[in-house]
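Asker: Let me give you the structure first, and then I'll get to my questions.
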Amino acid sequence: MEIETMNYEELLSARDSEKNNFCQLMLGKISKREVDGKYINVVDIKKELTDNILFSDCLNKELQAVSSVKSPHQLRYIKGGSDVNQPTGMSLVVERGVFNSLAQLLFESPSLVARHNFVDEIVSKAFSAAKDLHEQGIFHVCFAPRNILVRKGDSQLLLLNHGSFYKDLPDQDVLYPDDMANFIAPEVFAHGIIDEKTDVYSFGKLLEHLYSTSSMPYIVKRVVKKATKENPFDRYSTVEDMEKALSRLRSTRSSLTMLAVASVAALCIVGAYFSIVPEQNEMEYVKPAPSEPEEDFLEEGINPITELGLRAGDSTTVLTEEQKKKMAEYEKKSEEIFRRRFEREADRIISKVYNRNTMGASESKFMAASQKAMEELNSAQEEIASQTAMPSAKSRLIASQIIDKVTNAKKKEIK
């Protein structure tokens with residue numbers, strides 16, 4: 001007796017055929033069927049629909065319109081012949097491929113929603129599919145997970161039949177049973193106007209479903225709340241507006257997150273700096289007096305001690321009033337120079353930490369950069385204080401003020 005064998009692709013198709021028997025779409029059940037030794041995708045249309053005399057006209061209009069839709073998300077199909085039709089029904093033959101419904105994927109692997117970018121990818125592809133259809137004046141109506149297909153291999157999101165072609169059918173409940181009805185806008189069952197706002201509602205319900213097993217972010221809640229308003233005029237006008245709102249809110253959240261990280265970075269740097277210096281008595285902040293650019297007496301080789309005719313380290317010397325006045329001028333000038341030099345160094349050093357690359361890196365890399373910046377700031381403060389004959393305590397206080405000023409400026413840049 002001759003034993004019929006199948007190749008590897010047919011074995012895989014046969015294995016998947018049983019799973020696909022449970023893929024119930026808007027018009028009927030899609031499954032694989034063997035015809036002339038090959039497996040093809042067949043949709044057996046519900047008998048309740050084929051009994052309706054309007055249904056055939058609706059299907060013909062859809063077949064004609066879909067043939068001109070140029071979208072990677074649109075599945076092609078034709079009416080089935082006698083070789084695939086059941087004795088008492090009507091069928092559609094769908095293009096080749098192995099498909100699962102989104103509902104199946106979520107049922108078999110519920111942890112997918114927690115996978116990085118999974119939800120974003122699904123939503124992005126659904127938005128793309130809807131916009132392609134809307135350009136042709138077609139509205140999908142039902143973005144229920146059961147009515148969305150995902151191709152195995154490349155995970156492409158695919159749509160088959162679209163509800164706007166069947167809006168004239170008197171009994172919409174046949175198209176959308178209980179488990180799909182929750183994804184349908186109220187105006188559909190009321191035989192109202194079907195337009196982009198109808199798909200906006202269904203999109204909102206899809207988002208709500210995807211987050212049903214996890215915590216929905218606040219930004220998504222805001223979009224879903226508006227998208228699923230009962231009155232169509234209270235929703236987003238188009239799916240593109242809805243997509244932009246979602247993107248805008250996410251961008252705002254990202255900016256706020258970056259700002260929060262920037263604030264933490266500021267606290268880390270300033271806090272680390274204060275942790276290595278002794279506690280100082282509060283001193284009055286002295287605003288630098290205006291000065292001519294590059295007027296730096298230290299660069300000219302002038303030392304305030306020797307310029308006054310004093311000996312370094314001599315604590316017994318009594319200054320005259322004129323010398324005191326001159327010394328005060330030099331001290332003021334030293335402070336101006338210290339501030340100017342240290343601010344340049346602080347800006348250079350803190351910029352190494354306050355940038356998107358470092359702040360977006362791993363925690364260990366960020367902490368290492370912060371620690372190195374703190375060490376460089378301390379070294380710069382000591383070196384510049386020595387060059388400008390600034391007292392150590394006062395130079396540290398001024399340095400901390402400058403660090404705070406620079407970090408606040410960087411925070412605004414990040415924002």
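Asker: How large is the dipole of region 128-215 about the Cα centre if only Lys and Arg carry +1 and Asp and Glu carry -1, each at its Cβ, rounded to the nearest 20 debye?
Answerer: Dipole of region 128-215, to the nearest 20 debye: 300 debye.
Asker: For a paramagnetic label modelled at 7 Å from the Cα of Gln136 toward its Cβ, which residues of region 181-221 fall within the zone defined by backbone nitrogen distances under 19 Å?
Answerer: Inside the label zone: 194-200.
Asker: How high is the FRET efficiency from Asn355 to Ser155, r the C-beta distance, R0 35 Å, rounded to 0.05?
Answerer: Efficiency, from the Cβ-Cβ distance: 0.50.
Asker: Cα-Cα over 28 Å: which of Lys365/Lys394; Lys29/Lys221; Lys131/Lys221; Lys125/Lys197; Lys352/Lys394?
Answerer: The pairs that break the limit, which is 28 Å between Cα atoms, are Lys365/Lys394; Lys29/Lys221.
Asker: Measuring from label point to label point, each 7 Å out along Cα→Cβ, what is the Ala114 to Asn182 span in nm?
Answerer: That separation, rounded to one decimal, is 2.1 nm.
Asker: Using the Karplus curve 6.51 cos²θ - 1.76 cosθ + 1.60 with θ = phi - 60°, work out ³J(HN,Hα) for each residue of region 231-247 in order, rounded to whole Hz, and write x for Gly and Pro.
Answerer: After applying 6.51 cos²θ - 1.76 cosθ + 1.60, I find 7, x, 6, 8, 8, 5, 5, 9, 5, 5, 5, 5, 5, 5, 4, 5, 5 Hz.
Asker: A further question follows. Could you give the Stokes-Einstein D for region 135-174 in µm² per second, using the C-alpha Kirkwood radius, 20 °C, 1.002 mPa s?
Answerer: Using the Kirkwood radius from Cα pairs, D works out to 183 µm²/s.
Asker: Starting from the 7 Å offset along Cα-to-Cβ, what nm value, one decimal, do you get for the label separation of Lys412 and Glu34?
Answerer: Distance between label points: 7.6 nm.
Asker: Which length gain, in nm to one decimal place, applies between Ala65 and Asp51 when the Cα-Cα distance is subtracted from 0.36 nm times their residue separation?
Answerer: Contour length minus Cα-Cα distance gives 2.7 nm.
Bear in mind these aren't lab numbers, they're just calculated from the coordinates by the rules spelled out. In this text the structure is predicted, and so the values were computed from the model without any measurement. Note: ideal-geometry Cβ built from the backbone for every residue, glycine included; neighbour counts use all protein chains shown.
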